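J.: Before I ask anything, here is the structure I am working with.
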Amino acid sequence: MKSIADYVALEPEYYQNILDNYQTLFGNTIDLSKVKQLNAIVIFATGSSANAAYGARPFMSKLLKVPVYIEDPSMAANYLYYNDPNTLYFAISQGGESYSTIYLVEQFVNNNQTIYTLTSNPKSPLYKVSNHVLSMGMPIEEMPYVSVGYSVTILDLMLITLVIGTKTERINQKQFDDLFEQMRNITQSLPQIIKQSKIWVNRYQDLFYHAQRVILIGYGATYGVAREGETKFTETVRNTAFGKELEEYMHGPYLGLHTDDCIIFIEPHGRLVQRAETLKEFLNQYVPNVLTIYSQNTSSLKTIDFCLNIECDELLTSLFMTVPIHLLSYQVSQLKGHNLEKSTYPEFDQITKSKIKRIIK
């Protein structure tokens, strides 16, 4: 079975293939004829799929000029109501075995509502119950703790946005060409990003091996990166981790600060950069290990910081800024001796049916 590191190494190949085939994947499969006026987008997802959606959300909302909501499938299916003909609905489950997502999609289909399902598994229960399937453009990721699938989901959602934006004339050709070219440049830079990330991880893996708690802070597109950091550290390192939005952390969670915390800022060089610097100024008074992963060059780089040197729109930074986070969590998990090919609690899915191989009627 491939490891998380193996799948991270496949990101350039998968990205390029999707960029080359986005029209086949999404251009002819999203039907907007029944949407008179696009008012909103709702994405139903959990776990890394939800994290990816948060990474793409600012890009989607800004370009399409509509609110983009990310909802928990279980909450939506059991307690909420969705039936707006001018809203596009998407459900994401890479493996297609998430019980709550399957149940939600079944409800939409039974009510004759359109919902687009994004998955990489054509043999999954979710695929079978869906009425509109969008292929992720990659094979099934065998590793139970997904990495490349998370990253590909972000790229897919961004390309879906470009397709919708073109069809609805909310973006012009120049905007499309510029953003698409930036995506190509990021894809071409990924091998170097991965190489640099491995060097940084090897240098500081011991720090995170001994960390009692890791806190990741992002904003805009990198809020999804921070959330994914929480998910991966918790899943693989099996240690306490939190992924917070910048302002969210400043309104309460900072009061639980410990001097032995390791705090990682995910800096996209965006609109809130000065706000983040102010928070770091405070944290540096109480916590020795505060570091920043920067998307591009900065004059305030500390020894422990990491700069990826990618010049791009801040809304595209989620396409590559999770690479060092995925590699760091994997490397530390191996230092701790965790076998990621085996479930820590194999009875969990047997009891809860959180992920299922067949549809429960």
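J.: Express in nm, to one decimal, how much length is gained between residue 251 and residue 6 on full extension, taking 0.36 nm for each residue of separation and deducting their alpha carbon distance. Display every interim value, and only then the final one.
T.: Numbers: separation 245, 0.36 × 245 = 88.20 nm, distance 3.82 nm.
Roughly 84.4 nm would be gained on extension.
J.: What angle, in degrees between 0 and 90 and rounded to the nearest 10, separates the Cα long axis of helix 11-20 from the longest principal axis of the Cα atoms of the chain?
T.: Long axis of 11-20 versus the principal axis of the chain: about 30 degrees.
J.: Follow-up question, since we're still on this one. Report the net charge of residues surrounding residue 17, where surrounding means a beta-carbon distance below 13 angstrom and charges are Lys +1, Arg +1, Asp -1, Glu -1. Don't jump to the answer; show the numbers that get you there.
T.: Working: positive: 184; negative: 11, 13, 20, 156.
Spelling it out: positives minus negatives among the neighbours equals -3.
J.: Tell me the mean residue ellipticity at 222 nm calculated for the chain from its helices only (DSSP H runs of n ≥ 4, each -39500 (n - 2.57), averaged over every residue, nearest 500).
T.: Working: 13 runs with 161 residues, N = 361.
Calculated mean residue ellipticity at 222 nm is -14000 deg cm²/dmol.
J.: Could you report the accessible area of residue 341 in Å², rounded to 10, computed with a 1.4 Å probe on the protein chains as they sit in the structure?
T.: Its heavy atoms expose roughly 100 Å² to the probe.
J.: If you take the beta carbon distance between residue 260 and residue 298 as r and set R0 to 25 Å, what does 1/(1 + (r/R0)^6) give as a FRET efficiency, to the nearest 0.05?
T.: 0.40
J.: Evaluate 2.2 N^0.38 Å with N set to the residue count of the stretch 47-169, then give the Cα radius of gyration divided by it. Intermediate values should be presented prior to the final figure.
T.: Working: Rg = 13.8 Å, N = 123, 2.2 N^0.38 = 13.7 Å.
My calculation over the Cα atoms of the stretch 47-169 gives 1.01.
J.: Beyond 31 Å, what share of the Cα-Cα pairs of the chain is found? Please give it as a whole percent. Don't skip to the end; give the middle numbers.
T.: On the way: 21253 of 64980 pairs.
The calculated P(r) of the chain puts 33 percent of pairs beyond 31 Å.
J.: Now a separate question. Enumerate the aspartates and glutamates that residue 2 could reach by cross-link, defined here as Cα to Cα under 14 Å, with residues fewer than 8 away along the same chain left out.
T.: Excluding near neighbours in sequence, the set is 11, 141, 142, 341.
J.: Using a 1.4 angstrom probe on heavy atoms only, work out the carbon and sulfur share of the accessible area of the stretch 48-103 in %. Don't skip to the answer; put the middle values down first.
T.: Details: 1150 of 2200 Å².
Heavy-atom surface of the stretch 48-103 belonging to carbon and sulfur, 1.4 Å probe: 52 percent.
J.: So how much slack lies between residue 29 and residue 83, counting 0.36 nm per residue of separation and subtracting their Cα-Cα distance, in nm? Walk me through the intermediate numbers first.
T.: Values: separation 54, 0.36 × 54 = 19.44 nm, distance 2.10 nm.
Contour length minus the Cα-Cα distance gives 17.3 nm.
J.: Another question about this same structure. Cα-based Rg of the stretch 248-361 per 2.2 N^0.38 Å, rounded to two decimals? Could you put the intermediate results ahead of the total?
T.: Working: Rg = 18.8 Å, N = 114, 2.2 N^0.38 = 13.3 Å.
So the Cα radius of gyration is 1.41 times the expected 2.2 N^0.38 Å.
J.: Test of understanding: what is the full-extension gain from residue 286 to residue 180, defined as 0.36 nm times their sequence separation minus their Cα-Cα distance? Write out the running numbers ahead of the final one.
T.: Values: separation 106, 0.36 × 106 = 38.16 nm, distance 4.26 nm.
Here the answer is 33.9 nm.
J.: In sequence order, what are the phi-derived ³J(HN,Hα) couplings for the stretch 320-331 according to the Karplus relation 6.51 cos²θ - 1.76 cosθ + 1.60 with θ = phi - 60°, rounded to whole Hz, with x for glycine and proline?
T.: Rounded to whole hertz, the list is 9, 7, 8, 3, x, 5, 4, 5, 5, 5, 5, 4.
J.: Please give the per residue accessible area of the chain, computed with a probe of 1.4 Å over protein heavy atoms only, in Å².
T.: Details: 16110 Å² over 361 residues.
On a per-residue basis, the chain sits at 45 Å².
J.: Ignoring ligands and nucleic acids, what accessible area does residue 260 show with a 1.4 Å probe (Å², nearest 10)?
T.: 80 Å²
J.: Right, something else. Report residue 262's accessible area, 1.4 Å probe, all protein chains in place, as a number in Å² to the nearest 10.
T.: Accessible area of residue 262: about 0 Å².
J.: In the stretch 115-269, carbon and sulfur make up what percent of the accessible area (probe 1.4 Å)? Walk me through the numbers before you get to the answer.
T.: Values: 2950 of 5980 Å².
Here carbon and sulfur together make up 49 percent of the probe-accessible area.
J.: Would you kindly work out the equivalent ellipsoid of the stretch 239-311 from its C-alpha gyration tensor and give its semi-axes, the square roots of five times the eigenvalues, largest first in whole Å? List each step's numbers first, then the result.
T.: On the way: eigenvalues 85, 39, 27 Å².
Gyration-tensor ellipsoid for the stretch 239-311: 21, 14, 12 Å.
J.: For the stretch 158-188 and the stretch 64-105, compute the distance between their C-alpha centroids and round to whole Å.
T.: The stretch 158-188 and the stretch 64-105 have Cα centres separated by 24 Å.
J.: Set Lys and Arg Cβ to +1 and Asp and Glu Cβ to -1, take the dipole of the stretch 1-62 about its Cα centre, and tell me which of 41, 8, 27 lies farthest positive.
T.: 41
J.: In the structure displayed, which of 36/167; 62/244; 244/280; 195/244 lie more than 19 Å apart, Cα to Cα?
T.: Numbers: 36/167 12 Å; 62/244 22 Å; 244/280 14 Å; 195/244 27 Å.
In this structure, 62/244; 195/244 exceed 19 Å between Cα atoms.
J.: On the Cα set of the stretch 127-226, report Rg and Dmax in Å, please.
T.: Values for the stretch 127-226 (Cα only, Rg and Dmax): 17.8, 52 Å.
J.: With both partners inside the chain, how many of the DSSP beta bridges are antiparallel, as a percent to the nearest 5?
T.: Values: 1 of 36 bridges.
The antiparallel proportion sits near 5 percent.
J.: With N residues in the stretch 75-129, what two-decimal value do you get for its Cα radius of gyration over 2.2 N^0.38 Å?
T.: On the way: Rg = 10.8 Å, N = 55, 2.2 N^0.38 = 10.1 Å.
The value comes to 1.07.
J.: Using a Förster radius of 22 Å, what is the FRET efficiency between residue 238 and residue 341 based on their Cβ-Cβ separation? Nearest 0.05, please. All intermediate terms of the calculation are to be shown ahead of the outcome.
T.: Numbers: r = 15 Å, r/R0 = 0.66.
Once the sixth-power term is evaluated, E becomes 0.90.
J.: In Å and from the alpha-carbon atoms only, list the Rg and Dmax of the stretch 1-69.
T.: Values for the stretch 1-69 (Cα only, Rg and Dmax): 15.3, 47 Å.
The values are calculated or read from the model by the stated rules, or taken from the named source; none is laboratory data. A quick note: this is a predicted structure, and the numbers were derived from the prediction, not measured. Please note: Cβ atoms are built from the backbone with ideal geometry, for glycine as well, and neighbour counts cover all protein chains shown. The accessibility values were calculated without ligands, DNA or RNA, using every heavy atom of the protein model including side chains. Shrake-Rupley method; radii C 1.70, N 1.55, O 1.52, S 1.80 Å.
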